[in-house]
Number of protein chains: 2
Amino acid sequence: MKFKCEKNVLQEAISIAQKAVTGKSTMPILQGILITAEKDEITLTGSDIDLSIETKISAEVSETGSIVVDSRLFGDIVRKLPNSYIELNSVDSNSIELICEKSKFNLVHMNAEDFPSLPSVDEDTLLSLNQKLLKSMIKGTMFAIAQDETRPILTGVLFEIKNNNLNLVALDGYRLALKRETINYEGDVSAVIPGKTLSEVVKILDEEHEVNITFTSNHTLFNLGKTKIISRLLEGEFIKYNSIIPEEYNLKVTTRRDELLNCIERASLVAKEGNTNLIKLDIEDEYMVITSNSQLGNVREELNIILQGQPLEIAFNSKYLIDVLKIMDEEEIVMELSSSVSPCVIKSKENSNCIYLVLPVRLLNS
Amino acid sequence: MKFKCEKNVLQEAISIAQKAVTGKSTMPILQGILITAEKDEITLTGSDIDLSIETKISAEVSETGSIVVDSRLFGDIVRKLPNSYIELNSVDSNSIELICEKSKFNLVHMNAEDFPSLPSVDEDTLLSLNQKLLKSMIKGTMFAIAQDETRPILTGVLFEIKNNNLNLVALDGYRLALKRETINYEGDVSAVIPGKTLSEVVKILDEEHEVNITFTSNHTLFNLGKTKIISRLLEGEFIKYNSIIPEEYNLKVTTRRDELLNCIERASLVAKEGNTNLIKLDIEDEYMVITSNSQLGNVREELNIILQGQPLEIAFNSKYLIDVLKIMDEEEIVMELSSSVSPCVIKSKENSNCIYLVLPVRLLNS
């Protein structure tokens with residue numbers, strides 16, 4: 001193998017392929033990046049079996065071939081090299097030579113044959129989406145996935161295509177997040193993509209181009225052109241989320257998102273110290289009073305609202321409300337409530353393509 | 001106690017006093033900030049016994065008094081409040097009320113009598129210095145203090161005043177850092193200030209004003225006007241550093257600092273993986289070759305230099321050279337060497353107010 005390429009281009013490609021290298025694997029080969037040189041092009045691949053990322057860059061290839069180098073060391077070296085051309089040559093069966101101006105590295109490499117092959121995904125049926133839109137849908141739901149592994153299916157986000165709608169859904173037993181977009185796509189899909197995959201996908205998506213997404217029964221492929229991200233899907237049935245979201249409500253609160261967020265954040269400071277995060281919302285006709293207390297003291301916040309319906313007292317774990325209010329970017333939001341023990345639905349006042357649901361905390365005296 | 005002050009001013013003062021609150025003390029009172037309201041002014045004090053910081057701000061005081069509140073909770077609350085006026089009132093013997101617009105907190109407080117009193121420092125003999133200059137002297141030496149506690153005196157920086165020179169010196173058995181400034185001061189001083197104190201001092205120093213420094217036999221006081229920092233000194237004799245710094249040398253290397261730093265950083269990537277950090281410098285007539293190797297591979301870097309004297313091979317722990325080259329801001333530096341087993345002195349090419357010394361690593365084959 002022998003090729004020459006631009007330092008900056010190689011550095012960018014390494015940083016993309018590296019996102020699939022967790023460094024936690026017990027297989028040493030998975031701490032490496034597979035480099036394959038073909039005609040005018042080299043391909044860098046990182047993988048932790050569940051997630052694989054490959055990306056291609058232009059290069060002057062004078063000898064084809066492929067090797068595996070330690071991902072972190074190779075990335076650190078390339079990043080520290082001067083902004084110039086890098087030459088990479090196989091020296092013998094187990095080492096490569098990397099030359100850039102007056103720097104010359106000899107690095108031991110692993111064998112390309114030992115690197116796991118990527119699952120093959122037939123890209124016949126494609127969902128094409130704007131990358132910026134997909135990024136905002138993932139960010140708008142991913143925060144709500146379950147953090148513990150007791151129900152593995154909940155550690156992913158449901159990608160559901162039905163009736164020309166793409167629904168992204170995440171839930172963890174305390175809250176739910178749903179983002180919806182109208183799309184053109186033949187057929188139905190219901191696939192649960194691991195949170196780990198999506199947190200890397202959002203880092204790679206850019207703002208302008210399209211991404212093609214393909215689903216098979218076990219895998220999904222995000223094709224960004226030069227870069228392909230292939231991930232295992234989570235096995236099992238996702239929870240029937242539609243039955244969780246209430247369609248009716250008894251009262252509706254309209255308020256400014258940033259003000260509500262500030263009040264809850266301040267109130268939670270006292271609650272946090274007691275490790276309960278418990279805050280109480282007292283919804284009155286034209287204002288809401290938010291209170292909280294612990295052995296450290298108590299707090300009372302007041303906020304202007306528009307209320308349709310009857311006053312209500314309801315308590316929440318402040319963290320779940322804060323997560324939702326932080327992820328939304330709308331100026332005005334709507335809260336739909338029915339009783340102190342039924343879920344609270346939070347929506348944008350303007351458009352209906354996001355629905356958040358938070359379960360209340362039942363108070364001992366209610 | 002009852003006073004009213006601006007939110008931003010109070011927030012800034014808390015963040016200063018908080019720097020002395022480590023949160024690691026077993027005495028709960030030391031997790032608090034002492035607030036004392038006197039005529040037109042309140043004083044905030046944080047302390048971990050070794051280090052105490054007090055700072056004063058203007059306030060409308062309608063009732064004098066003093067209390068201690070939890071430093072972190074109080075700081076978090078004030079930071080999250082709207083940009084407005086804050087009222088603080090004693091409610092009863094163990095709680096205060098904090099009001100800001102529509103937010104109202106009731107907080108349990110501790111007793112001011114339980115807060116340790118600050119050591120009194122007689123400010124008769126003052127050393128007056130520009131804060132920016134002091135900051136750069138501290139930053140230029142502090143990195144070289146010992147990280148382990150086996151010789152406690154080396155975990156501080158020596159402030160030595162002799163012959164109208166202020167010398168700051170830090171050393172850890174492998175390297176030494178010295179910064180020198182000419183000052184006007186009557187008499188001699190030799191005081192070792194803990195690294196912990198200095199790392200907080202540099203955060204508080206601003207760029208423009210003067211700072212007055214006073215030394216007693218056990219303490220030092222940095223007086224910045226509104227803010228006073230009082231620290232215990234380390235006990236014991238500092239090492240006679242003058243005898244360590246060689247006055248003569250056999251060869252002298254002049255080179256660009258940034259290029260040398262880049263070469264050493266790259267070379268150390270291979271060395272780091274082997275956990276030895278060992279790099280070898282091959283000093284020739286017009287160039288220096290830097291090499292390193294481990295089981296992961298090897299590297300060769302080449303760099304243009306001007307050499308006065310005979311060629312030399314010498315090895316270092318790259319971390320110590322990198323620390324020095326990163327802390328300096330000179331374009332061109334000078335290395336003075338005598339043999340492969342004697343210390344290397346690194347200086348600015350231009351001025352003589354900083355001296356760095358790094359011990360070489362003895363190679364098995366040398």
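What follows draws every value from the coordinates through simple rules; no lab data is involved. Since this is a predicted model, take the numbers as computed values, not measurements. Note that each Cβ is placed from the backbone with ideal geometry, even for glycine, and that neighbours are counted across all protein chains shown.
Only helical DSSP H runs with n ≥ 4 go in: add -39500 (n - 2.57) per run for the protein assembly as shown, normalise by residue count and round the 222 nm mean residue ellipticity to 500 deg cm²/dmol.
-6000 deg cm²/dmol
Given labels modelled 7 Å from the Cα in the Cβ direction, how far is it in nm from B:His209 to A:Lys139?
Going by the 7 Å Cα→Cβ label model, 4.0 nm.
Rounded to the nearest 20 Debye, what is the dipole magnitude of the protein assembly as shown about its Cα centre when Lys and Arg each give +1 and Asp and Glu each give -1 at the C-beta?
Dipole about the Cα centre, nearest 20: 700 debye.
Taking each residue in B:98-105, count the Cβ atoms of any other chain within 10 Å of its Cβ, then average. What number comes out?
That works out to 5 on average.
Can you list the aspartates and glutamates whose alpha carbon is less than 13 Å from that of A:Lys347, not counting same-chain residues fewer than 8 positions off?
Output for A:Lys347: A:Glu247, A:Asp329, A:Glu330, A:Glu331, A:Glu332, A:Glu336.
If R0 is 51 Å, what FRET efficiency do you get for A:Thr182 and B:Asp258 from their C-beta distance, rounded to 0.05?
In this case the efficiency is close to 0.40.
Could you tell me how far the Cα centroid of the range B:250-283 sits from the Cα centroid of the range A:187-223, in Å?
Each part's Cα centre sits 44 Å from the other's.
Take the alpha-carbon centre of the range A:106-151, take the same for the range B:35-69, and report the distance between them in whole Å.
Spelled out, the Cα-based centre of one part sits 55 Å from the other.
Using label points projected 7 Å from each Cα along Cα→Cβ, tell me how many nm separate A:Thr125 and B:Asn304, to one decimal.
Once both label points are built, they end up 6.4 nm from each other.
Starting from a label point 7 Å past Cα on the Cβ side, list the distances from A:Glu237 to the same position in the other copies, nm, shortest first.
Shortest to longest, the spacings are 8.2 nm.
If you place +1 on the Cβ of every Lys and Arg, -1 on the Cβ of every Asp and Glu, and leave all else neutral, what size is the dipole of chain B about its Cα centre, to the nearest 20 Debye?
On the way: 38 positive and 55 negative charges, 153 e Å.
Roughly 740 debye, rounded to the nearest 20.
Taking a 29 Å limit on the Cα-Cα distance, which of the listed pairs A:Lys2/A:Lys102; A:Lys326/B:Lys226; A:Lys319/B:Lys56 fall beyond it?
Checking Cα-Cα distances, A:Lys326/B:Lys226; A:Lys319/B:Lys56 exceed 29 Å.
Report the paramagnetic label zone for B:Ser340: residues of the range B:262-299 whose backbone N is under 12 Å from a point 7 Å from Cα along the Cα-to-Cβ axis.
Label zone hits: B:280-283.
Relative to the other copies, what are the label-point distances for B:Asn218, with labels 7 Å from Cα along the C-beta vector, expressed in nm at one decimal and sorted shortest first?
Distances between equivalent label points, in nm: 7.3.
For A:Glu160, A:Glu330, what ranking results if the residue with the fewest other Cβ atoms within 10 Å of its Cβ goes first?
Values: A:Glu160 20, A:Glu330 17.
Ranking A:Glu160, A:Glu330 by Cβ neighbours within 10 Å, fewest first, gives A:Glu330, A:Glu160.
So, in nm, how far is label A:Glu248 from label A:Glu6 when the simple model puts each one 7 Å beyond its Cα toward the Cβ?
My value for the distance between the label points is 6.3 nm.
Name the residue, out of B:Phe143, B:Phe105, B:Phe222, whose mean-square fluctuation peaks in a Gaussian network model built on chain B with Cα pairs under 10 Å.
Answer for the Gaussian network model of chain B: B:Phe105.
Taking B:Lys240 as the anchor, which aspartates and glutamates have their alpha carbon closer than 12 Å to its alpha carbon, excluding any fewer than eight residues away along the same chain?
Once the sequence-local aspartates and glutamates are set aside, what remains near B:Lys240 is B:Glu160.
Residue by residue through B:292-298, how many Cβ atoms from other chains fall within 10 Å of the Cβ on average?
Average per residue, whole number: 5.
Using the number of other C-beta atoms within 10 angstrom as an exposure proxy, rank B:His109, A:His209 with the fewest first.
Ranked by crowding around the Cβ, least crowded first: A:His209, B:His109.
Taking the number of other C-beta atoms within 10 Å as the exposure measure, put A:Asp92, B:Asp323 in order starting with the fewest.
A:Asp92, B:Asp323
Let's see if you can work this out: charge +1 on each Lys and Arg Cβ, -1 on each Asp and Glu Cβ, no other charges. What is the dipole magnitude of the range A:292-366 about its Cα centre, in debye to the nearest 20?
Once rounded to the nearest 20, the dipole reads 340 debye.
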